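Novice: Shown below is the structure under consideration.
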Amino acid sequence: MFASPMLSKTAFFVALCLASVSAMSTAGAQTATEIQLSYKDKKFEPAEISAAANTPVVIKLKNLDAKAMEFESKTLKVEKVVAGGGDAIINVRAQKPGRYEFFDEYNEKTARGALVVK
Amino acid sequence: MLAALIIVFREVFEAGLIIGIVLAVTRAVPHRNRWIGGGVLAGVLAACVVAAFAGALSNLFAGMGQELFNAAILTVAVVMLTWHNVWMARHGSELAGELRSAGRAVVEGSKSLLALAVVVGVAVLREGSEVVLFLYGVLAAGDDSAWSVALGGFGGLLLGALVCVLTYAGLVHIPMRALFATTTVLIALLAAGMAAQATHFLEQANWLTAMDKVVWDSGWLLSDSSFLGRALHTLIGYTDQPTAMQLAVYLAILLVTFVLMRIYGSAAKAMPEPAHG
């Protein structure tokens, strides 16, 4: 008996959240540096990519292997599963200069690369 | 084999913590095993479906399908956890007392159980889909080592289940009254942390770009990819580089939970006690 008014209030709250989220998300983000990256035979190609500091980066990753991989970087705070033979777009927020390592979580030892921000 | 064990364990670890908490929270509720078990089973099945369509899912929304999917299911979990807490503010004392067998408490109890079963299902789905993808990839490769990797994966699953058991055992040692108070706080923090994670996914998808400045970097003190960091990440939403929006969402969920619990909890106390028996 209590559930229905509570539910409708919950629903209202969710709607309110969604509305504010969509209001806050602006359509045009900063123009980002686009980098192509491929993954083949458990290796990134190229193994080192670079970008300018304080600019968002978009990594376009092609997984040329038949198996799924997971692009992960602890320092860039990115995790993304890429299906075998699939593409992925990875958004990286603007970074300070430095070297940011990434790897395939399923082959952490061999499949490594780095984004160098200058 | 060891690598497979570690990878699978890392994925299952989070789900194990969440299931352990949910089991402890529902200790007094009848039929809880059926609901929680159902949640786990549904989560496993859904994880297989998600893994099978991982490529298609990823391509949705201009390549941001995975992020938005994660954000959406986390949001579902947040709503369910918050609802459970508010519901407990009203009925917790009935359940803790001798009214456990009262017909209405059972009916209402299953409503809250449904919410928690969804939370469990979502946790298993999220972590499980990556495990399925990984193990499928290993087996599909057909190497000699495939079975040893699969064995490692199975070991990882068992270790994850152990985390669940230990979490549960730790929590149920708390006396009943204190357990409700403890788990209320735990669940509120869990929900706030999940909301902050959902925010992170929306930021990753570029759907949320306001207040995206990193507020602090405590990675030197405790990295959120370390073992303790990961546990705290799941339990209270710890992250070493939170954005302003993540913090705002985190605090907003705690505030909303607190306010709703006050409103519905006090309304319950103001009403005359229902006739027992």
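The values are calculated or read from the model by the stated rules, or taken from the named source; none is laboratory data. Keep in mind that this is a model prediction, so the values were computed, not measured. Note that we place each Cβ from the backbone using ideal geometry, even for glycine, and neighbour counts take in every protein chain shown. Accessible surface areas use protein heavy atoms only, side chains included; no ligands, DNA or RNA. Shrake-Rupley method; radii C 1.70, N 1.55, O 1.52, S 1.80 Å.
Novice: For residues that are open to solvent by less than 50 Å² (accessible area, probe 1.4 Å) and polar (S, T, N, Q), scanning just the stretch B:121-172, find the one that is nearest to the other protein chains (Cβ to nearest Cβ).
Specialist: B:129
Novice: Of all the strands (runs of 3 or more DSSP E) wholly in the stretch A:69-118, which have at least 2 residues that are among the aliphatic types (A, V, I, L, M)?
Specialist: Strands (runs of 3 or more DSSP E) meeting the threshold: A:78-82, A:87-92, A:112-117.
Novice: Then there is this: Keeping to the stretch A:79-112, report how many residues are open to solvent by less than 10 Å² (accessible area, probe 1.4 Å) and in contact with a Pro (Cβ under 8 Å, 6 or more places away or on another chain).
Specialist: Result for the stretch A:79-112: 1.
Novice: Determine which member of the set A:115, A:76, A:64 is surrounded by 19 or more Cβ atoms within 10 Å (Cβ to Cβ) and either over 17 Å from the mean Cα position of the chain (by Cα) or more than 20 Å from residue B:66 (Cα to Cα) (or both).
Specialist: Numbers: A:76 fails: either over 17 Å from the mean Cα position of the chain (by Cα) or more than 20 Å from residue B:66 (Cα to Cα) (or both); A:64 fails: surrounded by 19 or more Cβ atoms within 10 Å (Cβ to Cβ).
Matching residue, one of A:115, A:76, A:64: A:115.
Novice: Let me ask another. Of the residues that make up the stretch B:26-47, is at least one under 21 Å from residue A:63 (Cα atoms) and within 14 Å of chain A (Cβ to nearest Cβ)?
Specialist: Filtering the stretch B:26-47 for residues under 21 Å from residue A:63 (Cα atoms) gives none.
No: zero hits.
Novice: Tell me which residues, restricted to the stretch B:207-229, are open to solvent by 30 Å² or more (accessible area, probe 1.4 Å) and not in a loop (DSSP other than H, G, I, E, B).
Specialist: The answer is B:214, B:227, B:228.
Novice: To continue, here is another question. Would you be able to say whether some residue in the stretch A:66-82 is within 12 Å of chain B (Cβ to nearest Cβ), closer than 27 Å to residue B:210 by Cα, polar (S, T, N, Q) and in contact with a Phe, Trp or Tyr (Cβ under 7 Å, 6 or more places away or on another chain)?
Specialist: Looking only at the stretch A:66-82, we keep the residues that are within 12 Å of chain B (Cβ to nearest Cβ), and these are A:66-82.
From what is left, the residues that are closer than 27 Å to residue B:210 by Cα are A:71-81.
Remaining after also requiring polar (S, T, N, Q): A:73, A:75.
So of that shortlist, the ones also in contact with a Phe, Trp or Tyr (Cβ under 7 Å, 6 or more places away or on another chain) come out as A:73, A:75.
Looking for residues that are within 12 Å of chain B (Cβ to nearest Cβ), closer than 27 Å to residue B:210 by Cα, polar (S, T, N, Q) and in contact with a Phe, Trp or Tyr (Cβ under 7 Å, 6 or more places away or on another chain), one finds at least one in the stretch A:66-82, hence yes.
Novice: Can you spot a residue in the stretch B:197-206 that is at the interface with chain A (Cβ under 8 Å from one of its Cβ atoms) and either β-branched (Val, Ile, Thr) or not in a helix (DSSP H, G or I) (or both)? Show your work before the answer.
Specialist: Pass one, the stretch B:197-206, residues at the interface with chain A (Cβ under 8 Å from one of its Cβ atoms): B:200, B:202-206.
Adding the requirement that they be either β-branched (Val, Ile, Thr) or not in a helix (DSSP H, G or I) (or both) leaves B:205-206.
Among the residues of the stretch B:197-206, at least one is at the interface with chain A (Cβ under 8 Å from one of its Cβ atoms) and either β-branched (Val, Ile, Thr) or not in a helix (DSSP H, G or I) (or both), which makes the answer yes.
Novice: Can residue A:48 be described as surrounded by fewer than 15 Cβ atoms within 10 Å (Cβ to Cβ) and at pLDDT 90 or above?
Specialist: On the way: surrounded by fewer than 15 Cβ atoms within 10 Å (Cβ to Cβ): yes; at pLDDT 90 or above: yes.
Yes: the conditions hold for residue A:48.
Every residue, every condition in (1) at negative phi; (2) in contact with a Ser or Thr (Cβ under 7 Å, 6 or more places away or on another chain); (3) within 11 Å of chain A (Cβ to nearest Cβ), yes or no:
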residue: B:223; (1), (2), (3): yes, no, yes
residue: B:227; (1), (2), (3): yes, no, no
residue: B:232; (1), (2), (3): yes, no, no
residue: B:239; (1), (2), (3): yes, no, yes
residue: B:245; (1), (2), (3): yes, yes, yes
residue: B:248; (1), (2), (3): yes, no, yes
residue: B:254; (1), (2), (3): yes, no, no
residue: B:258; (1), (2), (3): yes, no, no
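Novice: Another one. Take residue B:170 and tell me if it is within 22 Å of the chain's Cα centre (by Cα) and under 26 Å from residue B:90 (Cα atoms). Spell out how you get there, then give the answer.
Specialist: Working: within 22 Å of the chain's Cα centre (by Cα): yes; under 26 Å from residue B:90 (Cα atoms): yes.
The answer is yes for residue B:170.
Yes or no, residue by residue, for (1) among the aliphatic types (A, V, I, L, M); (2) in a helix (DSSP H, G or I); (3) over 22 Å from residue B:152 (Cα atoms):
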{"site": "B:12", "(1), (2), (3)": "yes, yes, no"}
{"site": "B:33", "(1), (2), (3)": "no, yes, yes"}
{"site": "B:37", "(1), (2), (3)": "no, yes, yes"}
{"site": "B:41", "(1), (2), (3)": "yes, yes, no"}
{"site": "B:50", "(1), (2), (3)": "yes, yes, yes"}
{"site": "B:66", "(1), (2), (3)": "no, yes, yes"}
{"site": "B:71", "(1), (2), (3)": "yes, yes, yes"}
{"site": "B:83", "(1), (2), (3)": "no, yes, yes"}
{"site": "B:89", "(1), (2), (3)": "yes, yes, yes"}
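Novice: Of all residues in the stretch B:7-18, count the ones that are over 13 Å from residue B:158 (Cβ atoms) and open to solvent by 20 Å² or more (accessible area, probe 1.4 Å).
Specialist: As a first pass, look at the stretch B:7-18 and keep what is over 13 Å from residue B:158 (Cβ atoms): B:7, B:10-11, B:14-15, B:17-18.
Those left that are additionally open to solvent by 20 Å² or more (accessible area, probe 1.4 Å): B:10, B:14.
Qualifying residue count for the region: 2.
Novice: Now a separate question. Out of all the residues in the stretch B:137-178, which are among the hydroxyl-bearing types (Ser, Thr, Tyr) and part of a helix (DSSP H, G or I)? Steps first, please.
Specialist: Pass one, the stretch B:137-178, residues among the hydroxyl-bearing types (Ser, Thr, Tyr): B:145, B:148, B:167-168.
The answer is B:148, B:167, B:168.
Novice: Restricting the first residue to the stretch A:41-54 and requiring it to be outside any loop (DSSP other than H, G, I, E, B), which pairs with a second residue that is of a type in the set (S, T, N, Q) and open to solvent by 60 Å² or more (accessible area, probe 1.4 Å) meet a Cβ separation below 8 Å and a spacing of at least six or different chains?
Specialist: Cβ pairs passing all conditions: A:43/A:110.
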